[in-house]
Each structure stands twice: as C-alpha cells, then as structure tokens.
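Here's the structure we're looking at; comments come further down.
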Amino acid sequence: AERIDRARDLLQQAGYGPDNPLRFELRYNTLDDHRRIAVALAPAPLYAQIKDHLRERILDAARRIVMREGFAALSMRKIADAIEYSPATLYLHFASRDEIARALCAEGYAQLLETFVPLAQIADPTARLKAIGRAYVAFGVAHPETYRLIFMEDPSYTGAALGDAAAVVVCAKVTGDA
C-alpha cells in the first residue's frame, strides 16, 4: 500500500491527471531520472501512450534534421539533443539510426502512395499513367530529402518501405484490389 501511495504521489507531482495523461512526460523532458520514475510507475495504458508519444517525437525530430541538414547529418545524438533525451533512451525505441531511417522511409513511401489514390479514379489508362508520373515527379520536387531517402540512399530502406503494411494497404487502394 505504501508503494502505491508513493507511486500516486509521484504521478501527481509529475502532473498526471485525467485531463492530461501526458503532461508529466513533457514537463520533465530534461530530467531523465524523473521521466523514468514516472513512466515506470504509470498504468499500462498510459505507459503505451507515453511510449507511442516518444516514438513520434523521435521520428519528428529525425524528419526535421533530415529536411534541414540532409540524411547524412542524421545521428542518434542529434536526435536525442533535439528532443532533450539521452541517446540511450532512443535505443529503447529504435535499434539504430538505420531503423529510424527505415521508419521515415516507410512513412514517406506511404505519403507518396497516398498521392496516387485519387488518380486511380482516372478511367483512361494512359491518362492515369501520365497523372501518376506527374504526381511522382511533383512529390520528388516537393519532398527532395524524403525522395532521396526512399530511392537514392540504401536499398534496404526502400525494401522496408515496400514491406510496410500501411504502404501495402494504400497500394491496394491505388490498384483497386481493396
């Protein structure tokens, strides 16, 4: 009972409440020890939310670094600095820089395929192919770093994007198999 009371006190001190379950994670974003305690004591559903939220923050920071400085500048340390976490924390969510790159690639590929979905409605196959080609080029011009990551960096990133379940679902929508 004492541990439960202590856990409840720590969560309340950290800002946990029904109105804002992630508030404590954001408030203590520069103090790893406080975050670890609060996360470890969080109820299972909240722990899953915190973990998903941090994964998204990691990917957002990585995306900003790639867009601003290019893929070659992406490093675990830069990402950790951007989100004010220790680099070791990133390894709880991603095994390596390459895994982050694969996740970014899969997201970019799904985004590219999403642009093709409305074009599947074009009845004439020639016009549809031309429209898809234009959309492909427009995507590359609008998102050069994402395009470079998907198609010009490491072929395994493209393989990861092609194997991503979300991309397969979107692809099925484009081809009309859904």
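The values are calculated or read from the model by the stated rules, or taken from the named source; none is laboratory data. All figures in this text were calculated on a predicted structure; none of them were measured in a lab. Heads up, the Cβs are rebuilt from the backbone with ideal geometry, glycines too, and the neighbour counts pull from every protein chain shown. For accessibility, only protein heavy atoms count, side chains too; no ligands or nucleic acids. Shrake-Rupley method; radii C 1.70, N 1.55, O 1.52, S 1.80 Å.
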Cβ-derived FRET efficiency at R0 35 Å, GLN49 paired with ARG148, nearest 0.05: 0.60
Pop out the ³J(HN,Hα) list for the range 125-134 in order, Karplus 6.51 cos²θ - 1.76 cosθ + 1.60 with θ = phi - 60°, rounded to Hz; leave Gly and Pro as x. x, 5, 5, 5, 5, 4, 5, 5, x, 5
For the range 88-160, the per residue accessible area (1.4 Å probe, Å²) is 53 Å²
For the range 69-137, the accessible surface attributable to carbon and sulfur atoms (probe 1.4 angstrom, ligands and nucleic acids excluded) amounts in percent to 59 percent
Mean shadow of the range 65-157, computed from the convex hull of its alpha carbons, in nm²? 6.8 nm²
